[in-house]
Structure formats: structure tokens, C-alpha cells
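The values are calculated or read from the model by the stated rules, or taken from the named source; none is laboratory data. Bear in mind that the values here come from a model prediction, so they are computed numbers and not experimental data. Counting neighbours? That spans all protein chains shown, and the Cβs are built from the backbone with ideal geometry, glycine included. For the accessible areas, the whole protein counts, side chains as well, though only heavy atoms, and no ligand, DNA or RNA atoms are used. Shrake-Rupley method; radii C 1.70, N 1.55, O 1.52, S 1.80 Å.
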Amino acid sequence: MERSPSQSSSSDPEKHNTSGAAGSDRSESPILVDHALEKRVWRKLDFYVLPVVAIFYLLSFLDRTNLGNARVAGLQKDLKMDNKQYSIALTVTYVPYIVAELPSNLLLKTVGPNLMLPTMLALWGIVTTLQGVVKTYSGLLAARFFLGLLEGGVFPGLVLYLSCFYPRQKLQWRISAFFSAASLSGAFSGLLAFGIINMDGIGNKPGWSWIFILEGLFTFLFGLLSFFLLPRTPAHAYFFNDKEKNYVMTKLREDGIEGRDPSIDAFSWREVGQAFTLPQVWLLAVVLFCDGTVLFGLAYFAPSIVQGLGYTASRAQLMTVPPFAVAFVTATISAWISDRYRCRGLILILSSLMCVIGFAMFLGSTKHNVQYGSLFFSIPGTYIVAPTLSTWLANNATPHTRRATAIAIGFILTNSGGILATWLLGSLSAPPRYTKATITLLIFSIVMVIFSGLNWWYLWDQNKKKRAMRATMTRSQEDPKLGDRSAWFEYNL
């Protein structure tokens, strides 16, 4: 046994100890680490928890965005909708979605993620299935409302859930792994839709109905199964022995994720309010709003954009696959780099620049091959931005209630951007050029670059001030409820 480098740095308060959630002092002795144990516990979490979380988000994104595939397959024509009504149908999803995010995140720990998340999954699977039997526009609106209400807490809940299992510098690769399921779902939904629409006429139902029915049934069944798969906390994990449970909980306390005093992590309205005062939350909230507009615009309208380049409906479904597949690969690689070299801000700036390049190409050229090629910049760019933002936000807020609120604020802004996206590409910008929408998304991508840089500078400046404070005091002199504002809590850059 010996001390690992990460353990040594996190237990040395004179350096960059990240545990600011509780009051301990400089005399705290370092904990020896068994490297075999270190590898084993994270490998177990990656094997037992991460795939379940990834499937949750894949199904969430698939069931929310398959309306775009159904539209190309004839939904809009069969329900006699114009473009404005289609945008309304998308907007109806986001209103309850946004309303549900903060209450859901605050309730997650109390109810238990092992109960709350599977319940939401099973119920929205039922709603997705029912979309396949709607006969009228009003029926579709009702289904989309309840879909948004049930899905609202999923993404912020999954980010919060993983942040309670992994130390901060191990988190982005895991968040990217499950968020990459969204880019995978973009590719997967195109392939599924291509196959499923060939069921047109079976059971006297159009092909777009079967997209909802089959995907919804799978979601419902996986929701039931997941009740037996998700542990409530690391301390309740059925796949850990007592030594492994104690090790993980110790690492989380060292990293400031779990407070040494359990009362600090208890629900508090004061901590809810504290989250609204964090500059790093609002700087990233601007980026999250912009990225939400870009992300959901591409997710919902990629099939329509590709179809506008001259492809048939079925061919357009297939042609959306390659950009999303590239997004899956690039998001995974960038997440590993971000965790390994602790460079969240740099990754965020570079991936935002990819979006700038992509939208500039689409706007500046009338050649279909160039416009299609632009998707290989904009789609991977935004699918790198989203998990990096989510991780950066979760990394730099503690204790639990403050972190839960900060994550919810971020995703409220993300999905507000989703509302804007539905109108930008749905009815305010004419296909196939989508000129107004492309200009807006290009501007938003530039804003993402600027505010990512501002957040990096703010956190760097705060860490500099914290180092000066640590030279003049001991941790025992601090209020243990300072959380991320503790001099001993170093912000991740």
C-alpha cells in the first residue's frame, strides 16, 4: 500500500485539498490507498451503474426527439398540422419539463433515486406508447405535455446521481458516457425509424405510429427492470463489500462531495438560495441556454435539415447517422482528456468553436455536400459542450442541496433554449436554408465561447484568492457550512 498521487494531493490542505464541505484542520492524516481496491471500486461502478444510467438517458432523449423522425415519416401530414402547430407540440413538452426540474432534483435524495428514476422511466414509456395511437392534434398535445412532466427530472437527476458516486475529477468521462447516449440515440433513432416505417400499414397503423409504440414499450419494460438495478447510494450498493463501501464514501468526503457531518448535506432552503448566488452557476447558465438551443435544434430538426438537402424521407433518416456517430466518439475522447488533464474550460471553448465553424459553413455555402459536412462540426461540437457543461456545473457547487439546485438551474436554462429551438427551426425560419435560425445559432455559439472563457477566468481568480486565505488560517477556523466557498475547496478549471 502507498498513497496515490490523487489521494496525496486531496489530503494535503497546503496544496489543493478539495474538501470544503466540513471542518477539519491541517493535522488530518492522509489515508493509505490500496491501488487494487482503487481500480476495483470504480470498475464496479462503471460496470453496474453507468450502463443503466446511459440507457436511461438514451431512452429519454430517444422518446423526446423521435417526434422529428415521426414528422418525416408522415405524422405532420396525417394529423393535418402546419409548421406552427408542430412547434407548439414541441413547446408543450418543454413547459412541464422545465417546471419539474428543480422540485425533482430536490426530492431525489429524499425519495431515493433508486425509486424515483425508474418510476419516471416506466411512466413516460407508457406515455410514449400512447403517442402511437393518437388520432388528433389535441391528443398529441396531451401526450407531449405528460411526456415532458415525467421526463423533466431525468437529466439533472442523472447528473446529480452520478455526482454522488464519483469524485469530481472522475466525473466528466462518466457523464459524457451517458450523455453520449444522446448522440448515439440520434444515430440509433435514424436507423430505427428507417426500419420501423417499413411497418406502415401493419395493424392498420401508419409507420410513424410504430416508431412511438415500439420505442415506448421498450422504455416501459426497462423502467420496470431498473428498479432492481440502481443502488440508492454507494453505501447501499449491492455489488460492494463493506471495505469497498467505506473506501468510496471516504473518497467522496475527501473531495467535498459528501460532508463529514451528515447534517450539512441535509435539505435546507438556505442552501437552495445559496445556489442562486453563485456567479459560476449564472455564467454557465448563459452557456447552457445557448447550447440548449443548438442541441435541441439539431436533435429535433436534423432529419428535416438533411431532407432539405435533396434526400428522400427514408434516406434522410440514414444520413443523420454519421454525424451523430462521430459526436459519440469525439465526446468520449474529449471527456477522457478533460478528466485526465483537468481542462474543462479549454474543452468547452474548443467544442464551442466547432459549433461556430459548423454553422458558418452551413450559412456561407449553398453546396449540399458542404452543408452536410457542416453537421460533422456542429453536431459533435454541441455534444461535447453539453456533458462538459454539466460536469463543470456539478463539480463546483457543494453541499448536496446547493449542488442539486445549481444543476437544476442549469437545465432549466438548457430546456428554455430548447423552446427557442422549436420555434427557430419549426416556423420562424424557412427550410431548406433555415437562414434566420442558422444566424442565431452561430451567434449563440460565439456567446458560448465568450462566457466559457469568463467562467474559467472567474474560477481561476477565486482559486488564487483561496490559496492566499489558506496561508493565513486553519480549516477549523472556517464555518463548516461554507461548502464550495471554503478556502479548502478548489474549483475545477
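Identify, from the list Ser29, Ser4, the residue that is more than 29 Å from the chain's Cα centre (by Cα), at pLDDT below 80 and open to solvent by less than 40 Å² (accessible area, probe 1.4 Å).
Ser4
Looking only at region 366-387, count every residue that is farther than 19 Å from Cys290 by Cα, in a helix (DSSP H, G or I) and of a type outside the set (A, V, I, L, M, F, W, C) and tell me the total.
Here the count works out to 5.
Going residue by residue through region 225-233, is there one that turns out to be open to solvent by less than 70 Å² (accessible area, probe 1.4 Å), hydrophobic (A, V, I, L, M, F, W, C) and modelled with pLDDT of 90 or more?
yes
Output the residues belonging to region 388-405 that are more than 13 Å from the chain's Cα centre (by Cα) and assigned to a helix (DSSP H, G or I).
Asn395, His400, Thr401, Arg402, Arg403, Ala404, Thr405 - these are the residues of region 388-405 that are more than 13 Å from the chain's Cα centre (by Cα) and assigned to a helix (DSSP H, G or I).
Hey, does region 398-409 have a residue that's among the aliphatic types (A, V, I, L, M), open to solvent by less than 10 Å² (accessible area, probe 1.4 Å) and in contact with a Pro (Cβ under 7 Å, 6 or more places away or on another chain)?
Yes, there is a match, as at least one residue in region 398-409 is among the aliphatic types (A, V, I, L, M), open to solvent by less than 10 Å² (accessible area, probe 1.4 Å) and in contact with a Pro (Cβ under 7 Å, 6 or more places away or on another chain).
Residue under question is Leu424, and the condition is that it be part of a helix (DSSP H, G or I) and hydrophobic (A, V, I, L, M, F, W, C); does it hold?
Against the criterion (part of a helix (DSSP H, G or I) and hydrophobic (A, V, I, L, M, F, W, C)), Leu424 qualifies.
Given (1) touching a His at 6+ places or on another chain (Cβ under 6 Å); (2) part of a helix (DSSP H, G or I), identify the lone condition not met by Phe444.
Here Phe444 clears every test but (1).
Could you tell me whether region 296-305 includes any residue that is at pLDDT 85 or above and closer than 30 Å to Thr401 by Cα?
yes
One residue is enough: does region 60-78 have a residue meeting the conditions of a type in the set (Asp, Glu) and in a helix (DSSP H, G or I)?
Yes, because at least one residue in region 60-78 is of a type in the set (Asp, Glu) and in a helix (DSSP H, G or I).
Does Ala275 fit the bill of being more than 30 Å from Lys481 (Cα to Cα) and not charged (D, E, K, R)?
For Ala275, the condition - more than 30 Å from Lys481 (Cα to Cα) and not charged (D, E, K, R) - is not met.
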